[in-house]
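A quick write-up on the structure given underneath.
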Amino acid sequence: MKDLLNLEVLTKTFDDLSVGVGIFLVENLDDLKSIRYVYMNKVILYEMRKKKEEVAGKRIIDVAPEAYEHEVGLQVIEAYRKIASEGGSVNMGLVEYSNHVAAGKYECSVHHIKENYVYVMLRNVTELEKTRYELEQKNKELNEFAHIASHDLQAPLNTISSCIEIIEDEYQGKLDKKADKLLGFMSSVTNRMKNLIEALLDYSSTGQKKEMTLVDCNKIIEAIQEDLTAKIKETNTVIEVDGLPKVKGFKTALRLLFQNLITNSIKFSKPGIAPKIKISAKKQEAWTFAIQDNGIGIADEHMDKIFNVFQRLHSRSEYEGSGIGLAHCKKIIKLHNGNIWVNSQPGEGSTFYFTIPD
Ligand code: ADP
């Protein structure tokens, strides 16, 4: 044992690791109570709230008898025994453990060293879990805030719209040119704000309380084409669809995703050139969808930026829009555990790609 498990070498190698490492000797392969601590690094000693001298060479049953008294403790101890006699290793996954002083969740695996010897690796994920939970809560709060704020903004805005309509109706022909122009301006700004608020509402409610189903993407495209009939005709848009798959996902969200990408392809077309859009999908590790257009394209330096909320590359007078569409697409794709990106060159059209796990 001396040359194989030289304590000084072990100490120097493993003491300061951020994961817990411990070596055990199972003296009698049929007796769970015969298991002894050989070496425990600082992380494990801290989790046990023990000093090195209190455990080294001692039996678990003498140092931490409570480990034998609960299910998880026993499972881990049984894993030491099994791996010590049979070899190999076992990943115990997330193990919830508490003794008198410490409680928490650990990622735990047990590995064979040589006959009768095993080592265990422990990583305390309690803090990580807590942070993840807090982050989820914050995200939820943020979504709720966006939802409530946009929802509450709708009512006064509707009132303003109605007032404008009334003035337009009742004072038709009676207003001077300047007042007429101002009213027209107010009306278009209010409409833009309405669209923005609707887009924000959609964005904030994506992914809430919905269930994944098997979604036929061909049907989604058909429905969108129907919705956009007028726009497609007016712009002479040609949409070519290569047989698309059925994917597991959130139907309404996926429809919004395709709709955003298709309307962008129509909107950002080259002046005087009819938009041509090709929609296809390839099965790699996940389904990779491509939406290719022959539009104005996007410069390299803008390709990441456009997926952020309110990021637009053009003035409103050039192209109407809210700057939420692609941020929403990104949110939808994240919800499906996929990725979204774009390949493009100014003047050469753009291809938006996204993946959805099969
Ligand atoms: P919006 O379309 O409302 O401006 P988006 O978030 O959908 O907002 O898009 C952000 C920006 O990305 C757009 O303003 C535009 O500059 C650019 N963009 C999006 N789609 C395309 C496309 N198909 N071709 C060229 N530019 C695009």
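What about F250, is it within 13 Å of the ligand (Cβ to nearest atom) and assigned by TED's automatic domain parsing to the domain that holds N343? The answer is no for F250.
If we keep just the residues of segment 329-345 that are more than 12 Å from the ligand (Cβ to nearest atom) and not in a strand (DSSP E or B), which is nearest to K248 (Cα to Cα)? Out of the qualifying residues, it is H336.
Residues of segment 294-308 that are farther than 14 Å from L326 by Cβ, assigned to a helix (DSSP H, G or I) and near the ligand (Cβ under 8 Å from one of its atoms): none at all.
Can you say whether I148 is open to solvent by 80 Å² or more (accessible area, probe 1.4 Å) and either in contact with a helix residue (DSSP H, G or I) (Cβ under 7 Å, 6 or more places away or on another chain) or modelled with pLDDT of 85 or more (or both), as far as the supplied structure shows? The answer is no for I148. Summed over segment 255-268, residues that are more than 8 Å from the ligand (Cβ to nearest atom) and open to solvent by less than 30 Å² (accessible area, probe 1.4 Å) total 4. Restricting attention to segment 276-328, and to residues there that are touching a strand residue (DSSP E or B) at 6+ places or on another chain (Cβ under 9 Å) and open to solvent by 70 Å² or more (accessible area, probe 1.4 Å), which single residue is modelled with the lowest pLDDT? Among residues in segment 276-328 that are touching a strand residue (DSSP E or B) at 6+ places or on another chain (Cβ under 9 Å) and open to solvent by 70 Å² or more (accessible area, probe 1.4 Å), the one modelled with the lowest pLDDT is D304. Report whether or not K231 is modelled with pLDDT under 95, in contact with a helix residue (DSSP H, G or I) (Cβ under 9 Å, 6 or more places away or on another chain), within 15 Å of the ligand (Cβ to nearest atom) and open to solvent by 70 Å² or more (accessible area, probe 1.4 Å). Taking the combined requirement at face value, the residue satisfies it. Look at segment 291-303: where a residue is farther than 28 Å from V241 by Cβ and a partner is open to solvent by 30 Å² or more (accessible area, probe 1.4 Å) and more than 6 Å from the ligand (Cβ to nearest atom), sitting 6+ places away or on another chain with Cβ atoms under 8 Å, you get A299/P346.
For segment 264-306, a tally of residues being of a type in the set (V, I, T) and over 25 Å from the mean Cα position of the chain (by Cα) returns 5. For E115, state whether it is among the acidic types (D, E), in the same structural domain as S34 (by TED's automatic domain parsing) and loosely packed, with under 12 Cβ neighbours inside 10 Å. Against the criterion (among the acidic types (D, E), in the same structural domain as S34 (by TED's automatic domain parsing) and loosely packed, with under 12 Cβ neighbours inside 10 Å), E115 qualifies. If you filter segment 144-178 down to residues that are assigned to a helix (DSSP H, G or I) and among the acidic types (D, E), you find that the one that is farthest from the chain's Cα centre (by Cα) is E170. Residues in segment 19-66 that are of a type outside the set (F, W, Y), touching a residue at least 60 places away in the same chain (Cβ under 8 Å) and either crowded, with 20+ Cβ neighbours inside 10 Å or touching a strand residue (DSSP E or B) at 6+ places or on another chain (Cβ under 8 Å) (or both): V19, G20, V21, G22, I23, L25, V26, E27, V38, V43, I44, E47. When each of S85, S109, S89, S161 is tested for being in the same structural domain as L200 (by TED's automatic domain parsing) and among the small types (G, A, S), the lone residue that passes is S161.
The values are calculated or read from the model by the stated rules, or taken from the named source; none is laboratory data. Values in this document were obtained by computation on a predicted structure and should not be read as measured data. So basically every Cβ, Gly included, is an ideal-geometry build from the backbone, and we count neighbours across all protein chains shown. The area values use the complete protein model at the heavy-atom level, side chains included, leaving out ligands, DNA and RNA. Shrake-Rupley method; radii C 1.70, N 1.55, O 1.52, S 1.80 Å.
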